1. Is there a residue in segment 73-90 that is of a type in the set (A, V, I, L, M), more than 30 Å from Q19 (Cβ to Cβ) and in contact (Cβ under 8 Å) with a residue 12 or more places away in the chain?
2. Restricting to segment 27-55, name every residue that is among the small types (G, A, S) and under 14 Å from F17 (Cβ atoms).
3. Kindly evaluate E114 against the criterion of being surrounded by 10 or more Cβ atoms within 10 Å (Cβ to Cβ) and closer than 23 Å to N16 by Cβ.
4. State all residues of segment 45-74 that are part of a helix (DSSP H, G or I) and either exposed (fewer than 10 other Cβ atoms within 10 Å of the Cβ) or among the small types (G, A, S) (or both); if no residue qualifies, say none.
5. Checking G99 against (1) touching a helix residue (DSSP H, G or I) at 6+ places or on another chain (Cβ under 8 Å); (2) at positive phi, only one condition comes out false. Which one?
6. Answer yes or no: is there a residue in segment 56-68 that is more than 32 Å from the chain's Cα centre (by Cα) and farther than 30 Å from D14 by Cα.
7. Hey, does segment 90-101 have a residue that's under 19 Å from R124 (Cα atoms) and surrounded by 10 or more Cβ atoms within 10 Å (Cβ to Cβ)?
8. If you scan segment 57-107, which residues turn out to be among the aliphatic types (A, V, I, L, M), at pLDDT 85 or above and within 30 Å of L119 (Cβ to Cβ)?
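The values are calculated or read from the model by the stated rules, or taken from the named source; none is laboratory data. None of these values were measured; they are calculated from a predicted model. All Cβ positions, even for glycine, are placed from backbone atoms using ideal geometry, and neighbour counts span all protein chains on display.
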Amino acid sequence: MIEDSKVRRRRKYDDNFKQQVVAECAQPGASIASIALSHGINANLLHTWRREARQASEPSEPPTPPPTTPQNPPTFIPLALAPSTVPVAADIRIELRRGGTTVAVTWPLGAAAECATWLREILR
């Protein structure tokens, strides 16, 4: 018959202790692992406490924008866009090199699908 020599129980920490340890983590240059080790707790538990403290300090709902009224109508702000400086190619140019041979092919841009089919066949 096997006997349980030790029954494991979860330790409970009061809120003041948690706040003190989390506050230590907020100090410049603080190491979470070393703070956890110095207090005899697991670093993962300390990360959980920090996350919970951060969530508790955040507002529960995002701020709502002011309502639009006749006195406060939404406004359209036009933006001027700079003209594109990228040159548009009129043709597709492909250069294939095999050994000492170079083949240059120019294909019309309007027939890009046919060019892709041809290129797949050539590269097989």
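1. Going through segment 73-90, the residues of a type in the set (A, V, I, L, M) turn out to be 77, 79-82, 86, 88-90.
Remaining after also requiring more than 30 Å from Q19 (Cβ to Cβ): 77, 79-82, 86, 88-90.
Those left that are additionally in contact (Cβ under 8 Å) with a residue 12 or more places away in the chain: 89-90.
Scanning segment 73-90, I find at least one residue that is of a type in the set (A, V, I, L, M), more than 30 Å from Q19 (Cβ to Cβ) and in contact (Cβ under 8 Å) with a residue 12 or more places away in the chain, so the answer is yes.
2. Residues of segment 27-55 among the small types (G, A, S): 29-31, 33-34, 36, 38, 40, 43, 53.
Passing the criteria: A36, S38, G40, A53.
3. On the way: surrounded by 10 or more Cβ atoms within 10 Å (Cβ to Cβ): yes; closer than 23 Å to N16 by Cβ: no.
When the stated conditions are applied, E114 does not pass them.
4. So in segment 45-74, the residues part of a helix (DSSP H, G or I) come out as 45-57.
Those that are part of a helix (DSSP H, G or I) and either exposed (fewer than 10 other Cβ atoms within 10 Å of the Cβ) or among the small types (G, A, S) (or both): A53, Q55, A56, S57.
5. Among (1) touching a helix residue (DSSP H, G or I) at 6+ places or on another chain (Cβ under 8 Å); (2) at positive phi, G99 violates only (1).
6. Step one: filter segment 56-68 for residues more than 32 Å from the chain's Cα centre (by Cα), giving 68.
Narrowing the set further to residues that are farther than 30 Å from D14 by Cα leaves 68.
Checking segment 56-68: at least one residue is more than 32 Å from the chain's Cα centre (by Cα) and farther than 30 Å from D14 by Cα.
7. Quick first cut of segment 90-101, residues under 19 Å from R124 (Cα atoms) only: 94-99, 101.
Cutting the leftovers down to surrounded by 10 or more Cβ atoms within 10 Å (Cβ to Cβ) gives us 94, 96.
Yes, the conditions are met somewhere in segment 90-101.
8. I92, I94, L96, V103, A104, V105
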